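The values are calculated or read from the model by the stated rules, or taken from the named source; none is laboratory data. Keep in mind the model is a prediction, meaning the values are calculated, not measured. Ideal geometry is used to build each Cβ from the backbone, glycine not excepted, and the neighbour counts take in all protein chains shown.
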């Protein structure tokens with residue numbers, strides 16, 4: 001059981017053998033450990049140094065002789081917690097990493113591909129296309145930048161229904177939103193991040209006729225929803241990489 005447990009912690013066969021011998025013998029020089037493990041001294045010393053670098057083993061000096069031992073078995077728990085923290089950080093960064101991977105330049109994306117959406121029916125198709133693109137490219141997070149100033153008008157009920165359907169489609173597919181708002185009185189003055197849990201059709205600024213940028217993998221969508229509603233879809237790797245860079249800068253500023 002102990003050997004299997006240590007293997008799951010990333011110790012190879014020789015490292016597991018050395019660790020279990022140290023658990024039994026206590027602090028010992030490399031020569032004693034090598035004989036007990038039936039390994040040559042050079043190999044044993046190399047693995048002892050690797051175990052020490054990773055915090056599993058501590059280096060001691062007794063009568064000017066370098067020895068190795070296990071300071072505390074609780075170091076195993078500390079190692080697990082450290083790995084857990086690293087994986088939690090990696091998991092939190094996954095949506096950004098996935099978006100960047102999707103935005104990597106492809107030959108067919110050198111020339112931008114454009115599509116224009118106009119009017120009420122066009123905007124419905126605009127939002128449906130965003131969901132379709134995210135689903136087709138297996139994107140788990142889309143990124144939005146929108147304005148929220150006093151200049152924006154009252155909520156557009158018809159548009160609000162379209163946005164409600166859009167958000168519901170995203171939730172159904174477990175696609176999250178990274179939303180940034182530029183706020184102010186008549187013009188944008190400040191920037192803030194809106195958590196995904198706080199996003200709903202009644203509070204999101206786009207239902208009041210704003211201009212909003214959507215970033216979905218390698219595709220940039222721009223919606224102008226004030227007055228005559230229009231949407232533009234631009235698929236081009238280099239352009240999307242620039243927008244991903246800008247979103248990353250904004251995200252670091254807000255974190």
Among the residues of segment 228-249, are any modelled with pLDDT under 85, out of contact with any helix residue (DSSP H, G or I) (no Cβ under 8 Å at 6 or more places or on another chain) and either farther than 20 Å from residue 99 by Cβ or surrounded by 14 or more Cβ atoms within 10 Å (Cβ to Cβ) (or both)?
no
Test: residue 220 is buried (at least 16 other Cβ atoms within 10 Å of the Cβ), closer than 20 Å to residue 170 by Cβ and touching a strand residue (DSSP E or B) at 6+ places or on another chain (Cβ under 6 Å):
yes
For segment 49-65, indicate whether the set of residues that are outside the structural domain of residue 166 (by TED's automatic domain parsing), surrounded by fewer than 13 Cβ atoms within 10 Å (Cβ to Cβ) and in a helix (DSSP H, G or I) is non-empty.
yes
Note on segment 219-255: residues closer than 22 Å to residue 163 by Cα and part of a loop (DSSP other than H, G, I, E, B) are 225, 226, 227, 228, 229
Quick check on segment 169-203: of everything there that is part of a loop (DSSP other than H, G, I, E, B) and modelled with pLDDT of 80 or more, which residue is farthest from residue 246 (Cα to Cα)?
173
Expected single match for over 21 Å from residue 139 (Cα atoms), within 21 Å of the chain's Cα centre (by Cα) and in the same structural domain as residue 138 (by TED's automatic domain parsing) among 172, 181 is 181
